[in-house]
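Structure, as structure tokens:
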Amino acid sequence: MSIRQSLIRLLLAFGLLFVGPGYLSAQEGLVEEDAFAMPSLTLKAFGDINYVIESDDAIDDDANEFALGSLDVFLNGDLGNNVSVLSEITFDFESDQNENEVTVHRLYVQKEFSDLFKLMVGRYHAWVGYWNITYHHGTWFQTTVGRPAVQSRDILPFHSVGLTLSGTYSTDDLDLDYALAIANGRDEKRGDTANVEDKNDNKAFNGYIAVSPDAVPGLEIGFHIYIDDIPADRREAMFDEAGSPVPNPRAGEIKELIIGGYIAYFRNNVELIAELSQITHDDEVSGEEFDTLGFYIQAGYQLGEFKPYYRFDALDFDKGDPFYTGIDDDFEEHSFGLRWDTSAWSALKFEYQRRDRDEKKDRDKFVAQAAFTF
Amino acid sequence: MKKSLLLCILLAIWAGGLHSARADEPKSHIAIIVNKNNEIKNLSLKDLTRYLKLDKQHWKNGKKIYLVMQQSGSMEKKALLNMIYHTDDAGLKRYWLGKMFRGEIVSIPKTFNSNDAIKKFVSQVPSAIGFINASDQDDSVKAIQIDGYSPGDQNYPLIARAGAE
């Protein structure tokens, strides 16, 4: 689909929304809520444009190129009576095809009953870690150029389509955020979400809790759990080099259990995030169990307009996991970077990444990124 | 040795003068105002912070609060940027944008350009909450206590110093 076609479809789809003055006016005769007022719409966009220099001896191909990142269109609307709608649509550019892909990453409607109870239904970012629920796809928000390795849709179930109950409970000493969700879960293909059809009718359960103690302002500690049955993938028959059929390792379902936690600290110019997720796969075909571990720690310090930062990423795959076939090369990565806030709503980032891989040669990468919001 | 002692004495006098000057700086109390029909009378500073940061968005009666802000540059806003939000204007805008992006709020709080405009709005919207210079408060709105102290009390926590950045 071309960019033009995507934009036309987007405009037509949201042309039905009325951009009105909102249901409250600061003029005269104010009422708290006008049942006949039009819904208000907020439209924001986030984007990034990159320059990449990459040296990857494993594939004997060096990169030296400008690269469009993504355009993230964010819309939300107040529908009145504590009901709101939110949507996040991205136009991404695939690195190996030079083509544009449009994805509705989030689309949900939410009803707020109180601070403690909010009910949301639709497509949302799964509650599987700090990064996914904080930064979503807004590269301008995050300090670094890209996401941590474990926070990749190839590793974790990024998105869910389902129902979430969430809220905040406050005491004199802390704030506690929670979310309980039931959703379609993953689709059969790694990286995909069951947006319309749940291939195995088994629902995914997702729980999340985070605590912010008053005793340590800026600190947040969170935990998540995700339970799902990944559908079997029987789309393609498997053959060996001689053309003989071979057993499909994905012919059965995979029971998935993800548990993880994080610590995040943002205070007095200091940024510190440490996050870990363990993904356990119980494979129906082989009868074996596989444990994959992903971890990162990121630190930064704001110095006026500049923020130097460092991140350490690690992925440790349990070899033989049929769900991660083709990507299960363990690695550790060091990223050093500098973020420069060139204005209130734009930033330049300069980042060097060194990936040490177990089975392949190491990779060096330099990225300069312009990230912005408007 | 004598020179060092003299220098220390001069520095002490200068520092004392600074403290005295600071203590004598004109100070204003920032009143947190709500609609007169709002039952709330007192908030802890912690709870007030939660409301002003929209970490808490509902009054005890279940009504959603309607937070209104002062425009950039006002003394009252500077005071709260320092005491409540711990950031500057640009940082606060990023804070609101982040909350909106995460789906925690639907829109950025409305901004008014004067204490009178805020008073008028709060007086007419039952669930509204705002902040003004306590000297501008009148009977059209209700100023709530913070940690049991009213604007004007010696231990009232929300103080703005004239000329403070």
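The values are calculated or read from the model by the stated rules, or taken from the named source; none is laboratory data. This one's a predicted model, so the numbers in the text were calculated from it and none came from an experiment. Every residue, glycine among them, receives a Cβ derived from its backbone with ideal geometry; neighbour counts consider all protein chains shown. Quick note on the areas: whole protein, heavy atoms, side chains included, nothing else; ligands and nucleic acids left out. Shrake-Rupley method; radii C 1.70, N 1.55, O 1.52, S 1.80 Å.
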Inset, instruction - Please identify the pairs in which a residue from the range B:66-82 that is farther than 22 Å from residue B:106 by Cα has its Cβ atom under 8 Å from the Cβ atom of a residue that is in a helix (DSSP H, G or I) and of a type in the set (S, T, N, Q), counting only partners at least 6 apart or on another chain. - result: B:76/B:115
Legend entry - Odd one out for residue B:152 among (1) in a loop (DSSP other than H, G, I, E, B); (2) under 25 Å from residue A:140 (Cβ atoms); (3) more than 9 Å from chain A (Cβ to nearest Cβ): (2)
Inset, instruction - Check A:266, A:290 and return the single one that is in a strand (DSSP E or B), closer than 27 Å to residue A:209 by Cα and open to solvent by 20 Å² or more (accessible area, probe 1.4 Å). - result: A:266
Inset, instruction - Kindly indicate whether residue A:216 is part of a strand (DSSP E or B), open to solvent by 20 Å² or more (accessible area, probe 1.4 Å) and of a type outside the set (Lys, Arg). - result: no
Inset, instruction - Test each condition in (1) out of contact with any Ser or Thr (no Cβ under 7 Å at 6 or more places or on another chain); (2) not in a loop (DSSP other than H, G, I, E, B) for residue A:250 and report the one that comes out false. - result: (2)
Inset, instruction - Could you identify the single residue in A:273, A:227, A:258 that is of a type in the set (A, V, I, L, M, F, W, C), open to solvent by 60 Å² or more (accessible area, probe 1.4 Å), assigned to a strand (DSSP E or B) and touching a strand residue (DSSP E or B) at 6+ places or on another chain (Cβ under 6 Å)? - result: A:227
Legend entry - Residues being more than 22 Å from residue B:85 (Cβ to Cβ) and more than 15 Å from the chain's Cα centre (by Cα) - total across the range B:120-140: 8
Legend entry - Selection within the range A:137-153 - open to solvent by 10 Å² or more (accessible area, probe 1.4 Å) and either within 14 Å of chain B (Cβ to nearest Cβ) or in contact with a helix residue (DSSP H, G or I) (Cβ under 8 Å, 6 or more places away or on another chain) (or both): A:137, A:139, A:141, A:147
Inset, instruction - Give the range A:343-353 a look and list any residue that's at pLDDT 95 or above and either more than 14 Å from chain B (Cβ to nearest Cβ) or surrounded by fewer than 14 Cβ atoms within 10 Å (Cβ to Cβ) (or both), or say none. - result: A:348, A:349, A:350, A:351, A:352, A:353
Legend entry - Boolean, residue A:321 is open to solvent by less than 60 Å² (accessible area, probe 1.4 Å), in contact with a Ser or Thr (Cβ under 8 Å, 6 or more places away or on another chain) and either among the β-branched types (Val, Ile, Thr) or farther than 28 Å from residue A:49 by Cα (or both): yes
Inset, instruction - Kindly indicate whether any position in the range B:29-48 is under 17 Å from residue B:142 (Cα atoms) and in contact with a Ser or Thr (Cβ under 6 Å, 6 or more places away or on another chain). - result: no
Legend entry - Test: residue in the range A:295-306 that is more than 30 Å from residue A:45 (Cβ to Cβ), surrounded by 14 or more Cβ atoms within 10 Å (Cβ to Cβ) and modelled with pLDDT under 95: no
Inset, instruction - Could you grab me the full set of residues in the range A:190-211 that are open to solvent by less than 30 Å² (accessible area, probe 1.4 Å) and either in a strand (DSSP E or B) or of a type in the set (Gly, Ala, Ser) (or both)? - result: A:191, A:193, A:194, A:204, A:206, A:207, A:208, A:210
Legend entry - Where residue A:164 falls short, out of the listed (1) more than 15 Å from the chain's Cα centre (by Cα); (2) free of Cβ contacts under 8 Å to residues at least 60 places away in the same chain; (3) part of a loop (DSSP other than H, G, I, E, B): (3)
Legend entry - Any hit, the range A:164-178, residues being out of contact with any Leu (no Cβ under 8 Å at 6 or more places or on another chain), farther than 29 Å from residue A:69 by Cα and among the hydrophobic types (A, V, I, L, M, F, W, C): yes
Inset, instruction - Report whether or not residue A:358 is open to solvent by 50 Å² or more (accessible area, probe 1.4 Å) and away from every other protein chain (no Cβ under 14 Å). - result: yes
